[in-house]
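Colleague: So that we are looking at the same thing, I have put the structure below in structure tokens.
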Amino acid sequence: MQKVVLCVVLFVAICELVAASSLALLSREERGAKKGKCSEWEFGECIPKKGTCGPGKKPGTRQGGCRNKQKMFKCQVPCAAETAVAIVDKNRKKMMKKKGCRYSKGPWSECDLTTNMMNRTLTLKKSNPDCEETRTVQKRCKKNKNKNKKRRCMYNKGDWSDCDPVTNTRNRTLTLKKGDSSCKAMQTRVKNCGRAKKGCRYSHTWSACDTTTMLKTKLDQLKPNSKDGCPATRARPAKTKKCKCKYGWKPFTKCDDNKKKTRTGILLEHTSDAGCPPTKDVTKNCRKAKDICTFGPWGKFGPCENGVRTKIRTIVAGSDIPKCVKKSAKTKRCTRA
């Protein structure tokens with residue numbers, strides 16, 4: 001029995017060793033595909049967006065258990081002249097780096113407008129028989145932002161002259177304060193005086209208060225820059241508003257024989273419009289005296305009669321007034337036992 005169990009264990013171990021060895025013999029791509037991993041991207045030809053060179057896109061594909069097996073990538077197609085210079089410089093740089101060549105950098109030359117390139121010379125620092133004595137490096141010219149910028153000329157500004165009525169302009173002189181020889185020593189600036197004299201132009205103000213109507217009118221005052229022959233003021237009767245007149249009021253007088261009372265108001269000048277009357281009287285009718293009713297204490301409710309019980313209080317004052325008589329009695333419903 002023990003021999004049979006030992007044989008089974010040995011058989012299982014041998015099977016596991018065979019499976020492991022077969023997995024090791026698989027290629028990297030096959031193992032990645034089995035485990036669900038992706039292979040590296042393989043790219044196609046770069047297609048430029050415009051023309052035959054410049055920025056563009058290239059297709060990429062990969063194998064394995066990936067979700068995205070195809071994708072477009074950004075790329076750059078170098079132009080012919082740039083490619084030659086870039087390849088030469090790149091290869092030379094790698095070669096010199098391997099040899100341990102060190103160079104001192106010279107200044108950049110002026111930009112060549114035909115090729116749009118500038119270069120400088122590198123001189124060998126360390127003595128190495130395999131290194132070149134001098135090298136020439138090229139790069140593109142940078143855009144000169146200050147190329148079209150005007151030279152700075154600073155001036156002292158004089159005062160503006162009076163307006164010339166013929167040309168409707170005024171001018172002032174600028175004197176050079178700071179600048180090079182290309183700056184002018186003096187300059188003259190000219191500008192319009194404003195609107196030309198076309199018609200009558202007015203500014204709006206309110207008139208003094210009219211005591212008869214207690215209204216004030218909107219007036220137009222003529223502006224200096226206006227046509228000759230315009231009236232100095234222009235009234236607008238349609239534009240009116242009430243005068244703002246505030247008064248300090250005295251108490252009302254006693255009622256006279258006509259049953260009227262009066263009180264007088266004194267003008268508060270600091271909060272009122274010009275032209276308001278200095279005093280103002282207000283008259284109104286006297287109110288009727290209120291009916292005065294005086295009562296004694298309430299009595300008890302009487303017996304129930306006709307479904308009603310009544311209690312009464314005595315009238316001390318106002319017994320001849322119907323209102324007082326009505327208020328002297330109070331009733332409530334009841335039911336006979």
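Colleague: Do the conditions hold for SER203, that is, is it at pLDDT below 85 and in a strand (DSSP E or B)?
Modeller: yes
Colleague: Only one residue in LYS288, LYS326 is open to solvent by 100 Å² or more (accessible area, probe 1.4 Å) and at pLDDT 85 or above, so which one is that?
Modeller: Criteria check complete, one pass: LYS326.
Colleague: Might you let me know whether region 18-40 holds any residue that is open to solvent by 70 Å² or more (accessible area, probe 1.4 Å) and modelled with pLDDT of 80 or more?
Modeller: The answer is yes; a qualifying residue exists.
Colleague: If you check PHE295, PHE301, which single one turns out to be part of a loop (DSSP other than H, G, I, E, B), in contact with a strand residue (DSSP E or B) (Cβ under 6 Å, 6 or more places away or on another chain) and either in contact (Cβ under 8 Å) with a residue 12 or more places away in the chain or open to solvent by 70 Å² or more (accessible area, probe 1.4 Å) (or both)?
Modeller: PHE301 is the lone residue from the list that is part of a loop (DSSP other than H, G, I, E, B), in contact with a strand residue (DSSP E or B) (Cβ under 6 Å, 6 or more places away or on another chain) and either in contact (Cβ under 8 Å) with a residue 12 or more places away in the chain or open to solvent by 70 Å² or more (accessible area, probe 1.4 Å) (or both).
Colleague: Something else about it: Criterion first (under 30 Å from CYS334 (Cα atoms), polar (S, T, N, Q) and open to solvent by 80 Å² or more (accessible area, probe 1.4 Å)) does ASN306 satisfy it?
Modeller: yes
Colleague: Just give me the residues in region 56-80 being closer than 9 Å to TRP41 by Cα and in a loop (DSSP other than H, G, I, E, B), in sequence order.
Modeller: ARG62, GLN63, LYS69
Colleague: Another question, if that's okay. Restricting to region 258-283, and then to whatever is at pLDDT 80 or above and hydrophobic (A, V, I, L, M, F, W, C), can you tell me which residue is farthest from TRP206 (Cα to Cα)?
Modeller: Only one residue tops the list, namely VAL282.
Colleague: Does region 134-155 hold any residues that are at pLDDT 80 or above and not basic (Lys, Arg), and which are they?
Modeller: THR134, THR136, VAL137, GLN138, CYS141, CYS153, MET154, TYR155
Colleague: In this structure, does LYS250 turn out to be open to solvent by 80 Å² or more (accessible area, probe 1.4 Å), touching a Ser or Thr at 6+ places or on another chain (Cβ under 7 Å) and modelled with pLDDT of 85 or more?
Modeller: Yes, satisfied.
Colleague: Just for region 159-189: of the residues that are open to solvent by less than 70 Å² (accessible area, probe 1.4 Å) and within 17 Å of SER226 (Cα to Cα), which one is modelled with the lowest pLDDT?
Modeller: Going through the qualifying residues, I end up with ASN168.
The values are calculated or read from the model by the stated rules, or taken from the named source; none is laboratory data. Please read all numbers here as calculations on a predicted model, not as lab measurements. Here the Cβ is made from the backbone with ideal geometry for all residues, glycine too, and neighbour counts use every protein chain on show. Ligands, DNA and RNA are excluded from the accessible area calculation, which covers all protein heavy atoms including side chains. Shrake-Rupley method; radii C 1.70, N 1.55, O 1.52, S 1.80 Å.
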